[in-house]
Amino acid sequence: MSAKSSPVQHSSRRRFFSHSLLGFGAIALVGMPSRKLHGESAGASAAVPGLLDFESETYPFELPPLPYGFDAMVPYIDRRTMEIHYTKHHAGYVRKLNAAIANYPELHELTLGEMLTDLDSIPASIRTAVRNNGGGHLNHCLFWYSLKNAPSAPSPEFKTRVNTAFGGEDSLLDEMVAAGLARFGSGWSWLCETPGGDLVVVSSPNQDSPWMKEPALRPLLGVDVWEHAYYLKYQNRRADYLNAWKNLVDWGAVSERSQAV
């Protein structure tokens, strides 16, 4: 049977993704007023979405509203980089993802998380496009909604877990910077939760999501180390960019995404 005429089979990895959303703990859907979730279009006043808002989005996918102005992260991220990154790169991933699956109605009811966690069940002709553009969309959503150019602090419960796993927020961020510097070429550095609730730092190539790993990992905080994220201001100085990014982590948003507290 052709990929277009037959329903996509739900493999064990997709079932693991669906079950793990519950296994990590319950969370309320907070804030992202996407019409796929709440029957209305997104608006500029959206609150910080929880993790499940992004993971649960279905076709047609939308560029979420940037929750601040393009110049909000100055001096750490310049206005022009923010504008190009959001309106060109991220918007491009959304457009190409929608184009890739437009003619596959059996995919339209699948969540973004389900598709990325079970790429083997995506038709081979569009699998790479879904991997690259679906991953790029999800990764950037998490990136934008984890930035805050103001002091922030993790919840007491999450702070305790960070202290236990890394010795504090500074040590954790140092590990993320090291992972970002060690990533050859383009990719991401991540703070994730394992299925057992442990906190780990990993990196991924290109636009791969931690959900694609074995075992799948829940991303809590990510930093983009593609050159388009920093080259206008920092040129080839990735270390300078990553160390600047450490000043922008929204610990409240990161704590909210954690499912093991």
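With a cut-off of 8 Å between alpha carbons and a minimum separation of six or more residues, what is the relative contact order of the stretch 156-257 in percent? Working shown, then result.
Values: 140 pairs, mean separation 23.2, N = 102.
Averaging sequence separation for qualifying contacts and normalising by length gives 23 percent for the stretch 156-257.
Please order H85, H137 by the number of other Cβ within 10 Å, starting at the fewest.
On the way: H85 23, H137 28.
Least crowded to most crowded, the residues run H85, H137.
Assuming R0 = 41 Å, can you tell me the calculated FRET efficiency for the pair E83 and T58, based on Cβ-Cβ distance, to the nearest 0.05? It would help to have the intermediate numbers written out before the result.
On the way: r = 28 Å, r/R0 = 0.68.
Calculated transfer efficiency: 0.90.
Pull up the cross-link candidates among the aspartates and glutamates for K159, meaning alpha carbon to alpha carbon under 18 Å and not fewer than 8 places away within one chain.
In chain and number order, the partners are E169, D170, D174, E175, E193, D198, D250, E256.
What is the gain in length, in nm to one decimal, between D71 and K246 on full extension, counting 0.36 nm per residue of separation less the C-alpha to C-alpha distance? Can you show the working numbers first?
Details: separation 175, 0.36 × 175 = 63.00 nm, distance 1.72 nm.
That pair, D71 and K246, stretches by 61.3 nm at full extension.
Is the C-alpha gyration tensor of the stretch 101-151 telling us rounded, prolate or oblate? Criteria: a/c under 1.5 is rounded; beyond that, a/b larger than b/c is prolate, otherwise oblate. Show your work: numbers first, answer last.
On the way: a/c = 3.09, a/b = 2.68, b/c = 1.16.
Judged from the Cα gyration tensor, the stretch 101-151 comes out prolate (a/c at least 1.5, a/b above b/c).
From the square roots a ≥ b ≥ c of the eigenvalues of the alpha-carbon gyration tensor of the stretch 112-192, which class results: rounded (a/c under 1.5), prolate (a/b over b/c), or oblate? Walk me through the numbers before you get to the answer.
Numbers: a/c = 2.34, a/b = 2.05, b/c = 1.14.
Prolate, since a/c reaches 1.5 and a/b exceeds b/c.
If the convex hull of the alpha-carbon atoms of the stretch 156-257 is projected onto planes in all directions, what is the mean projected area in square nanometres?
Numbers: hull surface 25.0 nm².
Reported value for the Cα convex hull: 6.3 nm².
Hey, with R₀ at 22 Å, roughly what FRET efficiency would E214 and K96 work out to, going by the Cβ-Cβ distance, to 0.05? Walk me through the numbers on the way to the answer.
Details: r = 26 Å, r/R0 = 1.18.
Efficiency at R0 = 22 Å is approximately 0.25.
Read-outs throughout are calculated quantities, based only on the coordinates presented, and are distinct from any laboratory measurement. Remember, predicted model here, so these are calculated numbers, not experimental data. Positions of Cβ are generated from backbone atoms using ideal geometry, with glycine treated the same way; all protein chains shown enter the neighbour counts.
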